[in-house]
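Heads up, the thing below is written out as structure tokens.
Nothing in this text is a laboratory measurement; each read-out follows from the coordinates by a stated rule. What you see is a predicted model; the values in this text were computed from it and never measured. Glycine gets a Cβ as well: all are built from the backbone with ideal geometry, and neighbour counts include every protein chain shown.
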Amino acid sequence: MKYGAVVQYYLDKPYAPDFWSLLQRAGCTYLEGAVRREVADEAANRGMKVALSYSGIVSNPNNATGSFSSEAAMVNSLVGRNISQYRNHAGVYGHILSIEPCNNYDFDPRNPDASTLKLIRVLKAGVTYIKQQDPTHPAWIGLNAAGAYGEGSDYLDRRRAWIRLFIDWCDVLDWHLYRWEIGGKVFTSDLDMLDQRTDEMLAMLKQESKGKPVIIGEIGVPTGTFPIYGNPSVTVTEQDQLTYFLHVAPKIVKYGFTPFIFKLMDDEPYQGFEPYFGIFRKHSAAKPLVDWLPSLFSGNTQPDPQPGPVIEAPAPEPIEPQDSKALFVLMLTAALAALKGEK
């Protein structure tokens, strides 16, 4: 019986004060959350493991800034994390550098443009650095259906192509599986379609994993009344949330994938409906799904993922011509200043 829950990804926000008791109540073995040494230590004390999340989302590669702007910037952003402290740490499941790249970008993964390929190189540099600092745990990127949200006749081909851009250098195939919304309608309007598309996706993930562990890094259903794509107002009940998992969980277990439920607890209103994905309500009261989780995932015995080989560090980025000129000017200025000082 192995499954986990996403606690919170935000590096600048605290964990909920009672999240350990909620994880225990839900029977979770794992959790995903922002990097915190104290969380890893407490996870080890409780016989659990945490997948540590390091950075946010780059929804559009043309807007990649800060740590995502270059390979060097990404590595520099990780240096202060002291990642080597997690070597052989019993409370660490692995390292998630980032999740859902290009999740709001119109592109075809079968023919990615230059900005998408550059972002992938930046992400690879970050994963490489993490693996060098902690070769005892796996490291990866959490993927979703970027470039293939629509489910036309080629949607599986598009998603295969997206996975293939990452699978060789990620130790885990991490996919965020959401099927609760179908064409502006709640999944309960077509349970046969839910079953069919879930089977298709899970079979494809197995095929594209290259034998590496597969985790469903996010899976969840929001509850409440809210707008969704193409529909100004829908209602999803807590019983609907349970129904979704009654259909999908046995399929995940059949393939031996490890799920991380998104998310542990409802939160303050944020981006419309995201807060209501919790399996616990805001004041820690359990939704019906909680009591079903141990039995739904009782057959999942996939071992913890192992790290792959540490690959060579990426070559330093070449200095652009304009940067070379600027560097020459700086060096010349410094030399002149030094001469004046000697006089």
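Residues in the range 147-185 that are touching a residue at least 40 places away in the same chain (Cβ under 8 Å) and either touching a Ser or Thr at 6+ places or on another chain (Cβ under 8 Å) or among the aromatic types (Phe, Trp, Tyr) (or both): how many?
Looking only at that region, the number is 10.
Here are some residues: TYR9, TYR54. Which one is touching a helix residue (DSSP H, G or I) at 6+ places or on another chain (Cβ under 9 Å), among the aromatic types (Phe, Trp, Tyr) and either surrounded by 21 or more Cβ atoms within 10 Å (Cβ to Cβ) or within 24 Å of ASP134 (Cα to Cα) (or both)?
TYR54
Among the residues of the range 145-183, which ones are farther than 30 Å from GLN132 by Cα, out of contact with any Asp or Glu (no Cβ under 8 Å at 6 or more places or on another chain) and in a helix (DSSP H, G or I)?
Correct list: TYR155, ASP157.
If the requirement is being over 23 Å from the mean Cα position of the chain (by Cα), surrounded by 14 or more Cβ atoms within 10 Å (Cβ to Cβ), β-branched (Val, Ile, Thr) and part of a helix (DSSP H, G or I), which of these qualifies: THR198, THR243?
Result of the check over THR198, THR243: THR243.
Within the range 61-112, restricting attention to residues that are in contact with an Asp or Glu (Cβ under 6 Å, 6 or more places away or on another chain) and of a type in the set (A, V, I, L, M), which residue is surrounded by the fewest Cβ atoms within 10 Å (Cβ to Cβ)?
Across the range 61-112, the extreme among qualifying residues is ALA72.
Among the numbered criteria (1) over 25 Å from LEU117 (Cα atoms); (2) surrounded by fewer than 20 Cβ atoms within 10 Å (Cβ to Cβ); (3) among the polar types (S, T, N, Q), which single criterion is violated by THR223?
The failed condition is (2).
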